[in-house]
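What follows is one structure encoded as structure tokens, with my remarks underneath.
The values are calculated or read from the model by the stated rules, or taken from the named source; none is laboratory data. What you see is a predicted model; the values in this text were computed from it and never measured. Please note: Cβ atoms are built from the backbone with ideal geometry, for glycine as well, and neighbour counts cover all protein chains shown.
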């Protein structure tokens, strides 16, 4: 009888312990599942946060670029508006056009006194925009170099180049525009403003163009 009671007690305790262990394992498994789910959510949130940071940086860069473009356009419009007020020059698009007779004597690349005064006025405006490139283009009409100037210029390429360089050196030496901003181009007779069919049109084609270019990087 005593053995039977002991057996029943032992059996009962074993069952209780078995079910207790089984229940604990189920609870642990459920908690682990919750932990795994939370970790997955956390990982997903962290990845989304990284993507948001990248997108935010891209948006900031785009906004900065847009502000730069808007500032550049406003600045360019302002510069051209000021240049257009100077007597004896024409401003078309981004180009300040000066006919050769305002700057040079016929066949010469030496800047005249009148030309110096004009370039001083232009430089006064350009100095307000010290970070912009300034492109100086020389142009001629279609008439070949006169015989008396053949020893100086091989062709209209030389004449247009020398005149553009003369303006560059004047800006550098006499007006102190930043040398690193200055550029020279020459087109000879190959980019006329109008047909070379009269003295008047040829006079308009013999010119120097000063272009307010993009900002230096």
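Across region 150-172, what is the number of residues that are surrounded by fewer than 22 Cβ atoms within 10 Å (Cβ to Cβ), over 13 Å from residue 110 (Cα atoms) and in contact with a helix residue (DSSP H, G or I) (Cβ under 8 Å, 6 or more places away or on another chain)?
2
Evaluate the following for residue 75: is it over 30 Å from residue 162 (Cβ atoms), in contact with a strand residue (DSSP E or B) (Cβ under 9 Å, 6 or more places away or on another chain) and at pLDDT 80 or above?
So residue 75 passes the test.
Quick one: in region 112-149, of everything that is in contact with a strand residue (DSSP E or B) (Cβ under 8 Å, 6 or more places away or on another chain) and more than 19 Å from residue 101 (Cβ to Cβ), which residue is surrounded by the fewest Cβ atoms within 10 Å (Cβ to Cβ)? Step through it out loud before you land on a result.
Narrowing region 112-149 to residues in contact with a strand residue (DSSP E or B) (Cβ under 8 Å, 6 or more places away or on another chain): 112, 115, 118-119, 122, 126, 129, 131-139.
Those left that are additionally more than 19 Å from residue 101 (Cβ to Cβ): 126, 129, 131-135.
Working: 126: 24, 129: 17, 131: 12, 132: 20, 133: 17, 134: 22, 135: 20.
Once the filter is applied, the top-ranked residue is 131.
Within region 152-163, identify whether any single residue is under 21 Å from residue 76 (Cβ atoms) and either part of a strand (DSSP E or B) or within 35 Å of the chain's Cα centre (by Cα) (or both), and answer yes or no.
no
Against the condition in contact (Cβ under 8 Å) with a residue 40 or more places away in the chain and in contact with a helix residue (DSSP H, G or I) (Cβ under 6 Å, 6 or more places away or on another chain), how does residue 82 come out, does it pass? Give the derivation first.
Details: in contact (Cβ under 8 Å) with a residue 40 or more places away in the chain: yes; in contact with a helix residue (DSSP H, G or I) (Cβ under 6 Å, 6 or more places away or on another chain): yes.
Yes.
Which count do you get for residues in region 86-106 that are exposed (fewer than 14 other Cβ atoms within 10 Å of the Cβ) and either more than 32 Å from the chain's Cα centre (by Cα) or modelled with pLDDT of 95 or more (or both)?
So the answer is 2.
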